[in-house]
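*Asks:* One structure, pasted below without further comment.
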Amino acid sequence: MGLFGSESKFESSVKQIPYPQQAVYDNISDLRNLNKVQDRVPEDKVNDFKFDEDTVSLNVAPVGELKLRICDREEPKCVKFETVQSPVPFNLWIQVLPVDEQNSKMKLTLKAELPPFIKGMVEKPLQDGIEKIADALAQVHYV
């Protein structure tokens, strides 16, 4: 048990992507490509959505400001993020695996040290959030 509580893990369901693994990886490993999902971000929940090649920042109601940075790229199968600014520090992995030459599958995993007093309040929103992000990424045109 860490100083802040126990580590909690949240995983999205596996999403089928009708694009080759390398094309998907190339897009998610450069955050400037977030412009492809910018119009899917709910404006009532997210403000100040900014990104460059390695970082993304946004203001999420009611959480506050979040800033994530890519801390590891494992071509062509995984991009790992760490929090730079967040009320609760966490890591996020986006895994991409080949199905065949033209199709791949994706799964998101989030790990966070959650204090016991907030764990119950944030578990469902975190699980829902990771699933919504995975859904949005599954609908991107990776060409």
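The values are calculated or read from the model by the stated rules, or taken from the named source; none is laboratory data. Keep in mind that this is a model prediction, so the values were computed, not measured. Every residue, glycine as well, gets a Cβ built from its backbone with ideal geometry; the counts of neighbours run over all protein chains shown. Surface areas here come from the heavy atoms of the whole protein model, side chains and all, with no ligands, DNA or RNA. Shrake-Rupley method; radii C 1.70, N 1.55, O 1.52, S 1.80 Å.
*Asks:* Quick one: which of Ile118, Ile133 is open to solvent by 80 Å² or more (accessible area, probe 1.4 Å), touching a strand residue (DSSP E or B) at 6+ places or on another chain (Cβ under 9 Å) and assigned to a helix (DSSP H, G or I)?
*Replies:* Working: Ile118 fails: open to solvent by 80 Å² or more (accessible area, probe 1.4 Å).
When all the criteria are applied, what remains is Ile133.
*Asks:* Still on this structure, please answer the following. Having 1 or more residues that are among the aromatic types (Phe, Trp, Tyr), out of contact with any Gly (no Cβ under 9 Å at 6 or more places or on another chain) and open to solvent by 50 Å² or more (accessible area, probe 1.4 Å) is the bar; report the strands (runs of 3 or more DSSP E) wholly within the range 8-97 that clear it. Explain how you work it out, then say what you get.
*Replies:* On the way: elements: 15-17, 46-51, 55-60, 64-74, 78-85.
Ranges flagged: 46-51.
*Asks:* Further question: Considering only residues of the range 1-29 that are more than 17 Å from Lys77 (Cα to Cα) and more than 17 Å from the chain's Cα centre (by Cα), which is modelled with the highest pLDDT?
*Replies:* My answer is Glu7.
*Asks:* Go through (1) at pLDDT 75 or above; (2) out of contact with any Phe, Trp or Tyr (no Cβ under 8 Å at 6 or more places or on another chain) and name the single condition Val63 misses.
*Replies:* (1)
*Asks:* Turning to a different aspect of this structure: Would you pick out the residues in the range 57-91 that are among the aliphatic types (A, V, I, L, M), over 18 Å from Phe10 (Cβ atoms) and touching a helix residue (DSSP H, G or I) at 6+ places or on another chain (Cβ under 8 Å)?
*Replies:* Hit for the range 57-91 is Ile70, nothing else.
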